Amino acid sequence: MGWVSAGDYEVALDDGKVVCRNAAGRRLKSVPSKIADDPAVVGLRQLVEWLDRHERQCLADVERWMVRSLPVPFAVLARVWPDPAWQAALRDTVVTGADGVVAGFLRDADPERGLGLVDLDGDTVRITPGLVRLPHPVLLDDLEDLREFAVEIGIEQRAQQLFREVWHRPAALDTDAASVEEYAGGVFRELRFLHGRATQLGYRVRGGHAVCSVLEDGRGVEARVWVGDYDGYAETETGPLVFTDTAGRALKLGQVGPVAWSEGMRMAAALYAGRDIEDEERAA
């Protein structure tokens, strides 16, 4: 932590916060208002904001690689690993081989020594794959066992992988059906509340639909839930879950892969969970 002058005081960054001390070296509880506009204070606060955005972006990128099943070149991981924000987002993610078999939990990425992993025996191993695969949890065999093992050895993932909610396609699914009705009919008193919930959850709203895009086996698929596109103060409700290709052509449920199915159901369930339950109870 390096101190810089700000008027009669000195300021620095400590654990992501701007801190201040007086001329006698005594650390103050807060930054005095009279130096709030000092260039040193303003610069440090702008740096804090940038670091926060960078940390969120790193985490979002790692989760996008996982959701879209995008293998990452080893050289890229080794290059970004020294950055604490990237390292925090990547650390302890499950890495698999090209065959889908779990190789271990990611602990290091060094350009000379390769990936450092904790394998399923609890041992540290090194591998140097050309591509690093961070699979979606729905693709992991024995997911529950992996979750239990992760808890036992103290794994803490920043990226939502092992403990991400997953949905598996029912064995009795009507593969010729075009929609899933399970989470349709969730009433929202005003359309803006449903649109706001979709945005807060990280989904785009386009053409009256909340949209989740997935790249699976090299094919783009969109999961869509109707959320309304009329007056923002009018009542609305969630529609059925449907799937389309990137050109907007409807897909039958039997054409939807496991990742797109899981992410689509996750979106539909999350939107439905925000419905106006009080109105439902009064109606009942």
Subject >> Answer from Trp86, Trp50 - the residue that is touching a helix residue (DSSP H, G or I) at 6+ places or on another chain (Cβ under 6 Å), aromatic (Phe, Trp, Tyr) and not in a loop (DSSP other than H, G, I, E, B) >> reply: Trp86
Subject >> Pick from region 183-194, criterion modelled with pLDDT under 95 and open to solvent by 40 Å² or more (accessible area, probe 1.4 Å), ranking: nearest to Ala269 (Cα to Cα) >> reply: Phe193
**OP:** Show the residue pairs that are 6+ apart or on different chains and have beta-carbon atoms under 7 Å apart, the first residue being within region 117-135 and in a loop (DSSP other than H, G, I, E, B), the second being open to solvent by 60 Å² or more (accessible area, probe 1.4 Å) and of a type in the set (A, V, I, L, M, F, W, C).
**Re:** Gly122/Ile153
Original post:
How many residues, within region 4-47, are assigned to a helix (DSSP H, G or I) and over 26 Å from Ala85 (Cβ atoms)?
Top reply: 3
Subject >> Test for Glu55: is it acidic (Asp, Glu), closer than 30 Å to Gly97 by Cβ, open to solvent by 60 Å² or more (accessible area, probe 1.4 Å) and assigned to a helix (DSSP H, G or I) >> reply: yes
Subject >> Where Ala234 falls short, out of the listed (1) more than 22 Å from Val138 (Cβ to Cβ); (2) open to solvent by less than 50 Å² (accessible area, probe 1.4 Å); (3) touching a strand residue (DSSP E or B) at 6+ places or on another chain (Cβ under 7 Å) >> reply: (3)
Subject >> Subset of region 66-81 [open to solvent by 40 Å² or more (accessible area, probe 1.4 Å) and among the hydrophobic types (A, V, I, L, M, F, W, C)] >> reply: Leu70, Ala75, Val76
Subject >> Qualifying positions in region 226-270 - more than 15 Å from Val166 (Cβ to Cβ), within 24 Å of the chain's Cα centre (by Cα) and among the charged types (D, E, K, R) >> reply: Asp245
Original post:
Can you name the condition, by its number, that Ala103 falls short on among (1) touching a strand residue (DSSP E or B) at 6+ places or on another chain (Cβ under 6 Å); (2) surrounded by 13 or more Cβ atoms within 10 Å (Cβ to Cβ); (3) closer than 20 Å to Pro82 by Cα?
Top reply: (3)
**OP:** Filter region 214-227 for residues that are modelled with pLDDT of 90 or more and buried (at least 17 other Cβ atoms within 10 Å of the Cβ) and give the result.
**Re:** Val214, Val221, Glu222, Ala223, Arg224, Val225, Trp226, Val227
Subject >> Matching entry among Gly16, Gly2 (being touching a helix residue (DSSP H, G or I) at 6+ places or on another chain (Cβ under 7 Å) and modelled with pLDDT under 90) >> reply: Gly16
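Yes/no per residue for (1) in a strand (DSSP E or B); (2) within 21 Å of Leu70 (Cβ to Cβ); (3) in contact with a Cys (Cβ under 8 Å, 6 or more places away or on another chain); (4) not basic (Lys, Arg):
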| residue | (1), (2), (3), (4) |
| --- | --- |
| Val221 | yes, yes, no, yes |
| Val225 | yes, no, no, yes |
| Tyr233 | no, no, no, yes |
| Gly239 | no, no, no, yes |
| Phe243 | yes, yes, no, yes |
| Val259 | no, yes, no, yes |
| Glu263 | no, yes, yes, yes |
Subject >> Failed condition for Glu63, given (1) in contact (Cβ under 8 Å) with a residue 40 or more places away in the chain; (2) part of a loop (DSSP other than H, G, I, E, B); (3) crowded, with 18+ Cβ neighbours inside 10 Å >> reply: (2)
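The values are calculated or read from the model by the stated rules, or taken from the named source; none is laboratory data. It should be emphasised that the depicted structure is a prediction, and the values quoted were computed from it without experimental measurement. Please note: Cβ atoms are built from the backbone with ideal geometry, for glycine as well, and neighbour counts cover all protein chains shown. Quick note on the areas: whole protein, heavy atoms, side chains included, nothing else; ligands and nucleic acids left out. Shrake-Rupley method; radii C 1.70, N 1.55, O 1.52, S 1.80 Å.
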